[in-house]
1. Quick one: with all protein chains in place, what share of the accessible area of segment 49-204 is carbon or sulfur, to the nearest percent (1.4 Å probe)?
2. Which entries in the list Lys220/Lys290; Lys87/Lys264; Lys161/Lys215; Lys76/Lys161; Lys220/Lys295; Lys249/Lys290 go over 24 Å, if you measure between the two C-alpha atoms of each?
3. Charges on Cβ only, +1 for Lys and Arg, -1 for Asp and Glu, centred on the Cα centroid of segment 135-265; of Gly187, Pro173, Tyr217, which one is farthest towards the dipole's positive end?
4. What full-extension length gain, to one decimal in nm, is calculated for Ala294 and Lys264 as 0.36 nm per residue of separation minus the Cα-Cα distance?
5. Calculate the all-directions average of the projected area of segment 212-297's alpha-carbon convex hull, and give it in nm².
6. I'd like the GluC sites (Glu not before Pro) in segment 144-201 restricted to DSSP loop residues with at most 15 other Cβ atoms within 10 Å, sorted by number.
7. Determine the dipole magnitude for segment 138-264: charges of +1 sit on the beta-carbon of Lys and Arg, -1 on that of Asp and Glu, nothing else is charged, the reference point is the Cα centre, and the result goes in debye to the nearest 20.
8. Kirkwood hydrodynamic radius, computed over distinct alpha-carbon pairs, for segment 54-213: how many Å, to one decimal?
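The values are calculated or read from the model by the stated rules, or taken from the named source; none is laboratory data. All values reported here derive from a predicted model rather than from experimental measurement. Heads up, the Cβs are rebuilt from the backbone with ideal geometry, glycines too, and the neighbour counts pull from every protein chain shown. Note: areas computed on protein heavy atoms with side chains; ligands, DNA, RNA excluded. Shrake-Rupley method; radii C 1.70, N 1.55, O 1.52, S 1.80 Å.
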Amino acid sequence: MRYQSHDVDEFAHVRIASYWPRRVSAVGTRVQPSVLSTPSPPPLFSMFRNTYDSDNTVFSPQGRLHQVEYALEAVKQGSAAVGLRSKTHAVLLALKRSTGELASYQQKMIRIDDHVGIAIAGLTSDARVLSNFMRQQAMSSRMTFNRPVPVNRLVSTIADKAQVNTQEYGRRPYGVGFLVIGQDHTGPHLYEFSPSGTSFEYYAISIGARSQSAKTYLEKHYESFADSNLEDLIRHGLHALRETLQQDKELTINNTSIGIIGPKGPHEKVVSEEGSFRILEGEPIDVYLKTMEAKAAPEAAAPPPAVGDEDVQMAE
């Protein structure tokens, strides 16, 4: 049996023609497709243009896995999260959303272990499943080896788990991305986990909606992060997170979460000696919001040059 080397449905033109208006021929009663008007095809047809995105195991001719790219797009639709680290601390800042005035704000940060915490962007249900898996791995390490699980090993484990869903038939990629902060004997760490099954360590990073604006701010100031104290690190993170907001929105104690790993800060009351992961929400973050610099007012547009009423002097 010979297979066609292209992906065009040979019967597509029959179905497409059924969408066009028909008219009765002047010669007889034979129905013909109208040649007087050729409207554009309905939106339903445009949904099936790409025949390589029906399964995550099929490569397109350009070498792309469209289902994986759609999962990455789901991360971009989630509210923004920002991560930074210095020589002593690692912090996460996340923007919380609410479905309405009568609903509470969603949870954007999850504690995995005393030394590991995550911020999420994307599908919250997928984040719940993956965070439970990370907790199981952390608990298994403590019960088996009597030690905290290394942060890089934990991130690599969930990356391997996500990669399986990009290769096996009948599965879908996870639609969530993580920013993971942790600490070990070498100091604090910051990682990004992607639904494609990849993970990278960063000095500073942002994911979620409008994250490119936050990345631009971080790229301008990242050289000063290594020697920053906790207050300056959080202030830089808040400024970066503010860049992801719409023009009429502001950061408040209700829509902002802060996660910290490292020694106790001057505004914190009870923190363990190891500087375990803790999440700040509500009133405790108000003191950090007050340290933010006011947003620069947009520059007014230059007025158009005035048109004089004098007559034009012609050279003699």
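1. 50
2. Lys161/Lys215
3. Towards the positive end, the residue furthest out is Pro173.
4. Value of the extension gain: 8.1 nm.
5. Mean projected area of the Cα convex hull: 6.2 nm².
6. When the GluC sites (Glu not before Pro) of segment 144-201 are filtered for loop state and at most 15 Cβ neighbours within 10 Å, Glu168 remain.
7. Result for segment 138-264 is approximately 460 debye, rounded to the nearest 20.
8. Result for segment 54-213, one decimal place: 16.3 Å.
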